[in-house]
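The values are calculated or read from the model by the stated rules, or taken from the named source; none is laboratory data. The structure displayed is predicted, hence computed values, not measured ones. All Cβ positions, glycine included, derive from the backbone under ideal geometry; neighbour counts span all protein chains shown.
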Amino acid sequence: MLKNRIIPCLDVKNGRVVKGINFVDLQDAGDPVEQAKIYSDGGADEICFLDITASNENRDTIYNVVKETSKKCFVPLTVGGGVRSIEDINKLLNCGADKVSINTAAVKDSNVVLESSKKFGSQCIVVAIDAKKNGDKWEVYTHGGRNNSGLDALEFSKKMEDSGAGELLVTSMDRDGTQIGYDIDLMKKISSMVNIPLIASGGVGNLDHLAEGIKDGNASAVLAASIFHYGKHSVIEAKEYLNSKGIPVRI
Amino acid sequence: MKLSIVDYKSGNISSVINSFKKVEKDKVNIEVTADIKKLNSSDKIVLPGQGSFKSCIDALNSISGLVDTLNEFVNVKKKPLLGICVGLQMFADVGYEETETKGLGWISGKVSKIDNQGGKYKLPHIGWNEINIVKDSKIFKSIENNSHMYFVHSYEFIPNDNKVISATTDYSTKVVCSVEKENIFGTQFHPEKSDKTGLKLVDNFINL
């Protein structure tokens, strides 16, 4: 039986982890490679790096991080943030990323998704959708949540599936950072519309939220950052909890 | 021992390279190549594959003499070859992804889309799934039945002869996820991304 995945996400800026695991025995708390290794040894089903490097001159730092991580972690590695072109995707894949997540570029021009999925295969193209509820619909935001594209998130999800995306990483901007749980309504609506797997993101504050994302939101995978980083819960604790709720996970 | 990973410019093979380099610990001379001479002098070959069946076959065919060399390696010299993902799928006679495409024909069968039962099951089949080992295969040495492996695919290999199947995995149907026919080995899952169990399989292939 296919297991639901737990994906810890690390924010990386100028090659350093911004928010990360706060363990005393960490040699270098800012080293993304070391943190990714801790997660993969601890049972993470996949690792996600979100590159939030702002300046263009430091953008290349992520390539080294990916290169080093892929030599040490033998679980899938997804990298997103600032991916603009086929060339960016190619570079990340060559450095050892298994999947690349595309956000703003996919909104600007869906051909990036179409072309990259043809060239590299749908299996490595994840479209990251940042959605915020305005009135009675969810709209897609770009540039790290700063700009409203005005696009309807549900229609956009369908369009991305049709363009060849292999997975959708859906983040509720209303919930992100709140620790009150995923936007289940949003997850459920999108996952019932598309036939590709959905990764739920944004709002996890406790283990029950992970269970809700899978059971109620129909997500195939759940992504979380802060509950794992500050030692509040380990990945294995999360898995044991989900298992106790009858949710299939890899233990 | 000389092991070659076929680099035919189809998809991302850095993870495959990394996993073999991690495991080999100086035991093996690893080449990442599409050079006919180098492949000819190899003891073992790994054939990765990402993207569509058609794009992988087209990429193999675009390198002059490559398919002939692989055919000879497998069918005449009878040396061990491991196909991963689409690398395994290409063993078939024919694939139906994008359009009907002739495969390498090493193991009789076809590659078609996984039956997702009218949308009941998501495709691609992505994530960790348990393998049911149905036949003793040398590449499963010290790997327990029902171990988890990492999958990502929408198409499946359906061999004509069930005897070549060494493992299946349960999704919408029983999906063939590993085959063995004499010197030919293949996994639909990605050992290079399946953590310690996957690395064990890599190790088993190296030690064949």
Of the residues in region B:35-59, those that are within 18 Å of the chain's Cα centre (by Cα) and surrounded by fewer than 20 Cβ atoms within 10 Å (Cβ to Cβ) come to B:43, B:54, B:58, B:59
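Where in region A:173-251 are the helices (runs of 4 or more DSSP H), entirely inside, with at least 1 residues that are away from every other protein chain (no Cβ under 13 Å) and over 17 Å from residue A:3 (Cα atoms)? Before you say what the answer is, go through the steps one by one.
Numbers: elements: A:184-193, A:207-215, A:226-229, A:235-244.
By residue number, A:184-193, A:207-215, A:226-229.
Taking the stated definitions as given, is residue A:108 in contact (Cβ under 8 Å) with a residue 24 or more places away in the chain, surrounded by fewer than 17 Cβ atoms within 10 Å (Cβ to Cβ) and of a type in the set (D, E, K, R)? Working first, answer last.
Details: in contact (Cβ under 8 Å) with a residue 24 or more places away in the chain: yes; surrounded by fewer than 17 Cβ atoms within 10 Å (Cβ to Cβ): yes; of a type in the set (D, E, K, R): yes.
Spelling it out, residue A:108 is indeed in contact (Cβ under 8 Å) with a residue 24 or more places away in the chain, surrounded by fewer than 17 Cβ atoms within 10 Å (Cβ to Cβ) and of a type in the set (D, E, K, R).
Mind listing whichever residues of region B:159-172 are surrounded by 15 or more Cβ atoms within 10 Å (Cβ to Cβ) and either of a type outside the set (Phe, Trp, Tyr) or not in a loop (DSSP other than H, G, I, E, B) (or both)? I'd like the intermediate steps shown before the answer.
Filtering region B:159-172 down to residues surrounded by 15 or more Cβ atoms within 10 Å (Cβ to Cβ) leaves B:159, B:164-169, B:171-172.
Answer for region B:159-172, where residues must be surrounded by 15 or more Cβ atoms within 10 Å (Cβ to Cβ) and either of a type outside the set (Phe, Trp, Tyr) or not in a loop (DSSP other than H, G, I, E, B) (or both): B:159, B:164, B:165, B:166, B:167, B:168, B:169, B:172.
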Exercise for review: Evaluate the following for residue A:18: is it touching a strand residue (DSSP E or B) at 6+ places or on another chain (Cβ under 6 Å), buried (at least 18 other Cβ atoms within 10 Å of the Cβ), within 25 Å of residue A:143 (Cβ to Cβ) and without any contact (Cβ under 8 Å) to a residue 40 or more places away in the chain?
Suggested key: no
Those residues of region A:174-193 which are surrounded by 21 or more Cβ atoms within 10 Å (Cβ to Cβ) and out of contact with any His (no Cβ under 9 Å at 6 or more places or on another chain) amount to A:175, A:183, A:186, A:187, A:190, A:191
For residue B:118, the lone unmet condition from (1) in contact with a strand residue (DSSP E or B) (Cβ under 7 Å, 6 or more places away or on another chain); (2) surrounded by fewer than 16 Cβ atoms within 10 Å (Cβ to Cβ); (3) within 14 Å of another protein chain (Cβ to nearest Cβ) is (1)
Those residues of region B:173-199 which are of a type outside the set (A, V, I, L, M), away from every other protein chain (no Cβ under 11 Å) and either more than 14 Å from the chain's Cα centre (by Cα) or part of a strand (DSSP E or B) (or both) amount to B:173, B:174, B:177, B:178, B:180, B:181, B:182, B:185, B:186, B:187
Scanning region B:25-34 for residues that are buried (at least 17 other Cβ atoms within 10 Å of the Cβ) and farther than 13 Å from residue B:48 by Cα gives B:28, B:30, B:31
Residues in region A:1-28 that are within 14 Å of another protein chain (Cβ to nearest Cβ) and either in contact with an Asp or Glu (Cβ under 7 Å, 6 or more places away or on another chain) or at pLDDT below 90 (or both) total 4
Considering region A:77-92, residues that are buried (at least 24 other Cβ atoms within 10 Å of the Cβ) and without any contact (Cβ under 8 Å) to a residue 40 or more places away in the chain, and then whichever is farthest from residue A:12 (Cα to Cα), we arrive at A:89
Regarding region B:62-81, can at least one residue be identified that is within 14 Å of chain A (Cβ to nearest Cβ) and farther than 21 Å from residue A:96 by Cα?
no
